[in-house]
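Trainee: If you scroll down you'll find the structure; I have some questions about it.
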Protein chains: 2
Amino acid sequence: MEHKVTITEVAELAGVSKSTVSRYLNQGYVSEEKRERVRAAIAQTGFRSNFFAKRLKTRESKLIGIVIPRMDSVTVGRLLSGIDRILAPAGYQVLVLVSQLDQEKELENIRSLQQQGVDGIIVDSVGITAEHAQLVPQLSLPVIFTGQQYPGLICIKVNDYQAGHLMGTYLRELGHTQAVFAGVSESDRAVGQERKQGFVEGFCAGSPEARVTFVQTGFDFLSAYDAASSMWSYHPSVIVGATDNISLGILRYLHERGIRVPEQVSVTGFGGYDVGAVVYPALTSVAFDFELLGGRAAQAVLDRLRGEKVDLTGVSPVSLIQRESVRDLRQPFTSPVVNGIML
Amino acid sequence: MEHKVTITEVAELAGVSKSTVSRYLNQGYVSEEKRERVRAAIAQTGFRSNFFAKRLKTRESKLIGIVIPRMDSVTVGRLLSGIDRILAPAGYQVLVLVSQLDQEKELENIRSLQQQGVDGIIVDSVGITAEHAQLVPQLSLPVIFTGQQYPGLICIKVNDYQAGHLMGTYLRELGHTQAVFAGVSESDRAVGQERKQGFVEGFCAGSPEARVTFVQTGFDFLSAYDAASSMWSYHPSVIVGATDNISLGILRYLHERGIRVPEQVSVTGFGGYDVGAVVYPALTSVAFDFELLGGRAAQAVLDRLRGEKVDLTGVSPVSLIQRESVRDLRQPFTSPVVNGIML
DNA sequence: CTGTTAGCGCATTCAG
DNA sequence: CTGAATGCGCTAACAG
């Protein structure tokens, strides 16, 4: 309320100089006696140091800027959790800016962040462009990308190839040979290219009769649902959605048509979201550890801030979550045993 | 990179004074000729004004702080979208801090935000305490709460009572009389008290045979799933989950037990999330317009910043999304017509 | 319309 | 260990 209390007033009240108060606030070097007087004065006045003045001097904000494409995403939530888990103990705060999936706004947010004096930036980009690559070196502060990759930039991302490969291998070993991969545009390198390629190579490895048909869709339920009839027309033994959301749209379509999963066709996803556990059949999926990913990204920023070099790319573990939507073709069909939600 | 260019250097390069450059950057009042010279100098040097120095002078950050309980929530995402939609055109930026559902951290975040000089704060609180009420007036800046209510504080929230009432009325008119309300603890005033009360009053209005049984659960799939057998034991005509997630857990349980929805029992939720459209049967729900809510909250901050008074509480419209999970008891059962995803 | 003069609140030399 | 003095980069009166 009322008057904004400054360091000067604290000093007067404590009967010491501004410098002493400043020292008290920072390194130390204050006698026990004055230390106590300053402490009392601060408590009494409710003094809080002016953020801007402090930053103007120190040239250090203890702020890490985060640019994310959108908020309404479980993935992003996990990522931020992981970031915060590392940054908070290190005394850094997080400043989050949302790009609304707009690439122009993403660039704008990065600039804005640097202008606001953050010490480093983590960008969960939807697509790194040449403009990104050009902008980053001009910023003269650590910028770490997640989710996508780009030569010359520091990118920490999940290993989409490995995830795809894991799923492909799993399905092949269960006797599947005819797959439809419901993927997204190749303009998305991580999901559209690497995840798919990993799947294809894992699925086809040493299996000459294996065949993968690609059907393109968007990231949302609806476009997957709309493309599902086309997928089904290939009579696959398994439909592999590139994301859990895609798979959910497909599942919905199959259910409407009375096509039983996994009896008539298996369905799998990527992401390992909780919601995959409550649908029926519960969705088998490859889960990514986005929290770990966020932690790695945060650690990379911290390392760079300390002047250490970090690898240009890093990866994060993936794991298979076996639920109910996949049929083991080596055995006669038996209805999956359902017993509770398998998170 | 290299040297941080300041307003002084721009001035020298343009052959004008610092003030002229400053004026160029702000209101105007610069001759056409010098304006051009300054523009060129800025372009040449790549000058960007120092955020901290500027804020130190103006005492205005053009920053609105947002405190949210968590990131991995669709609700929160919508809310932020709505906030940004109002704030951005007004020249304000948004600084988001996440409290990880920790009430102590929430308070901490609010303090931290004010210390960092934001002009106003929006708090999507999980629970407003006396400590909140005590802290807010000390901040001497506009603080708007969403999601929860507290006397004396400015709270913009969805009308949970109305939402519950809407659902209650709808079900009653369809001939339902035996309901189980799968709710959360009354310590959550919005969901645990108001939403439930609205439902009960809407459901029972003028219907002497109506009965509502309350079963308590948590907010997650799993606890709803675990409590579902208890709910079913009352043989209700409809189970009303206090949130869509709760309903999804219940749906999963009913499916596992082979209990057909809506033939044997209807199920409804609150929230109107998209995922409710892809499960089967698609979930009938009351949707809240969180984007509008965010917009209202942002507008309230702006109004307060202009010195205008705003109402202590505001509401936001709710709407019923009729999908497939509710049976019309006034008619013999017919399988719901499914044709596409009903978002 | 423009340059000069003062600080904003704090951290930091530099002499004590 | 401490206080006085000096800007950080910018904006805002103030006289031109």
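Values in this text are rule-based calculations from the coordinates and carry no lab data. Note that the structure is predicted; figures quoted are calculated from it, not measured. Cβ sites come from the backbone with ideal geometry, for glycine too, and all protein chains shown count toward neighbours.
Trainee: Treating cross-link reach as a plain straight distance, find the lysines whose alpha-carbon is under 20 Å from the alpha-carbon of A:Lys157, omitting any fewer than eight places away in the same chain.
Mentor: Counting by Cα, and skipping residues close in sequence, A:Lys157 has these lysines nearby: A:Lys196, A:Lys309.
Trainee: Placing the label point 7 Å from Cα along the Cα-to-Cβ direction, what are the distances from B:Ser31 to the equivalent spots in the other copies, shortest first, in nm to one decimal?
Mentor: 6.0
Trainee: Separate question: Please give the average number of partner chain Cβ atoms lying within 10 Å of the Cβ of each residue in B:72-85, rounded to a whole number.
Mentor: Mean partner shielding for this stretch: 4.
Trainee: Measure out, as a whole number of angstrom, how far apart the alpha-carbon centroids of the stretch B:203-276 and the stretch A:147-213 sit.
Mentor: Measuring centre to centre over Cα atoms gives 39 Å.
Trainee: Mind checking the stretch B:176-233 for GluC sites (Glu not before Pro) that DSSP puts in a loop (not H, G, I, E or B) and that have at most 10 other Cβ atoms within 10 Å?
Mentor: Values: sites: B:Glu186, B:Glu194, B:Glu201, B:Glu209; in loops: B:Glu186, B:Glu209.
Counting only loop positions with at most 10 other Cβ atoms within 10 Å, the GluC sites (Glu not before Pro) in the stretch B:176-233 are B:Glu209.
Trainee: Right, next: Any idea what the A:Lys62 label distances to the other copies are, label 7 Å down the Cα→Cβ vector, nm, shortest first?
Mentor: 2.6
Trainee: Anyone know which of A:Gln134, A:Gln100, A:Gln114 comes out most mobile in the 10 Å Cα GNM of chain A?
Mentor: In this elastic network of chain A, the residue with the biggest mean-square fluctuation among A:Gln134, A:Gln100, A:Gln114 is A:Gln134.
Trainee: Taking a cut-off of 23 Å, what percent of all Cα-Cα pairs in the stretch B:158-250 are separated by more than that?
Mentor: Working: 641 of 4278 pairs.
Within the stretch B:158-250, distances greater than 23 Å cover 15 percent of Cα pairs.
Trainee: Using a/c under 1.5 as the rounded threshold, could you call the stretch B:1-58 rounded, prolate or oblate? The axes a ≥ b ≥ c are square roots of the C-alpha gyration tensor eigenvalues, and prolate needs a/b larger than b/c, oblate otherwise.
Mentor: Working: a/c = 2.12, a/b = 1.17, b/c = 1.81.
It comes out oblate by the Cα gyration axes.
Trainee: Return the FRET efficiency for the residue pair B:Glu33, A:Arg306: r is the Cβ-Cβ distance, R0 is 60 Å, and the value is rounded to the nearest 0.05.
Mentor: 0.80
Trainee: Would you mind calculating the relative contact order of the stretch A:1-58 from Cα pairs under 8 angstrom and at least 6 residues apart, reporting the percent as a whole number?
Mentor: Relative contact order, the stretch A:1-58: 40 percent.
Trainee: Considering the Cα positions of the protein assembly as shown, please state its Rg to one decimal place and its Dmax as a whole number of Å.
Mentor: 28.3, 87
Trainee: What is chain A's relative contact order, in percent, from Cα pairs under 8 angstrom and six or more apart in sequence? List each step's numbers first, then the result.
Mentor: Details: 655 pairs, mean separation 54.1, N = 343.
Once divided by the residue count of chain A, the mean separation gives 16 percent.
Trainee: What span do the alpha-carbon atoms of the stretch A:260-315 cover on each of the three principal axes, reported in whole Å from largest to smallest?
Mentor: Each principal axis gives a Cα extent; for the stretch A:260-315 these are 57, 19, 7 Å.
Trainee: Among DSSP beta bridges lying fully in the protein assembly as shown, give the percent that are antiparallel, nearest 5. Intermediate values should be presented prior to the final figure.
Mentor: Working: 9 of 81 bridges.
Just about 10 percent of them are antiparallel.
Trainee: How large is ³J(HN,Hα), in whole Hz, for each residue of the stretch A:126-138 in order, when computed from phi with the Karplus curve 6.51 cos²θ - 1.76 cosθ + 1.60 and θ = phi - 60°, using x for Gly and Pro?
Mentor: 8, x, 8, 10, 4, 5, 4, 4, 7, 5, 3, x, 6
Trainee: Which percent of Cα-Cα pairs in chain B sits in each 20 Å bin, short to long?
Mentor: The percentages, shortest bin first, are 27, 42, 21, 9, 0.
Trainee: Now a separate question. Return the long-range amide H neighbours of B:Thr243 (sequence gap of 5 or more, or a different chain), with a cut-off of under 5 Å between placed amide H atoms.
Mentor: Here the answer is B:Phe270, since their amide H atoms fall under 5 Å of that of B:Thr243.
Trainee: Right, something else. Mind pulling the angle between the C-alpha long axis of helix B:290-305 and the longest principal axis of chain B? Nearest 10 degrees, somewhere in 0 to 90.
Mentor: 40 degrees
Trainee: In deg cm²/dmol and to the nearest 500, what is the mean residue ellipticity at 222 nm of chain B if only DSSP H runs of at least 4 residues count, each as -39500 (n - 2.57), divided by the residue total?
Mentor: Working: 13 runs with 143 residues, N = 343.
One gets -12500 deg cm²/dmol as the mean residue ellipticity at 222 nm.
Trainee: Using a label position 7 Å from Cα in the Cα→Cβ direction, what is the ascending list of nm distances from A:Ala90 to the same site in the other copies?
Mentor: Shortest to longest, the spacings are 3.5 nm.
Trainee: So which lysines pass the test for B:Lys18, namely a Cα distance under 19 Å, with those fewer than 8 places away in the same chain ruled out?
Mentor: Straight-line reach from B:Lys18, under 19 Å: B:Lys4, B:Lys34, B:Lys54, B:Lys57.
Trainee: Which of the trypsin sites (Lys or Arg not before Pro) across the stretch A:211-296 are loop residues per DSSP, with 15 or fewer other Cβ within 10 Å?
Mentor: On the way: sites: A:Arg211, A:Arg252, A:Arg257, A:Arg260, A:Arg296; in loops: A:Arg257, A:Arg260.
Passing both the DSSP loop test and the Cβ count: A:Arg257, A:Arg260.
Trainee: With θ set to phi - 60° and the Karplus curve 6.51 cos²θ - 1.76 cosθ + 1.60, what are the ³J(HN,Hα) couplings of the stretch B:209-220 in order, to the nearest whole Hz, using x for Gly and Pro?
Mentor: Whole-Hz 3J(HN,Hα) from phi for the stretch B:209-220: 7, 5, 9, 10, 9, 9, 10, 8, 8, x, 8, 9.
Trainee: Follow-up. Amide H to amide H under 5 Å from A:Cys155: which residues, 5+ apart in sequence or cross-chain, H placed 1.01 Å off N in plane?
Mentor: A:Phe145, A:Thr313, A:Gly314
Trainee: Shifting gears a bit: If you filter the stretch A:16-84 for trypsin sites (Lys or Arg not before Pro), then keep DSSP loop positions with at most 11 other Cβ within 10 Å, what is left? Mind dumping the intermediate values first?
Mentor: On the way: sites: A:Lys18, A:Arg23, A:Lys34, A:Arg35, A:Arg37, A:Arg39, A:Arg48, A:Lys54, A:Arg55, A:Lys57, A:Arg59, A:Lys62, A:Arg70, A:Arg78; in loops: A:Arg48, A:Arg59, A:Lys62, A:Arg70.
Passing sites in the stretch A:16-84 are A:Arg59.
Trainee: Rounded to whole Å, give me the distance from the Cα center of the stretch B:60-108 to that of the stretch A:2-63.
Mentor: One Cα centre to the other: 30 Å.
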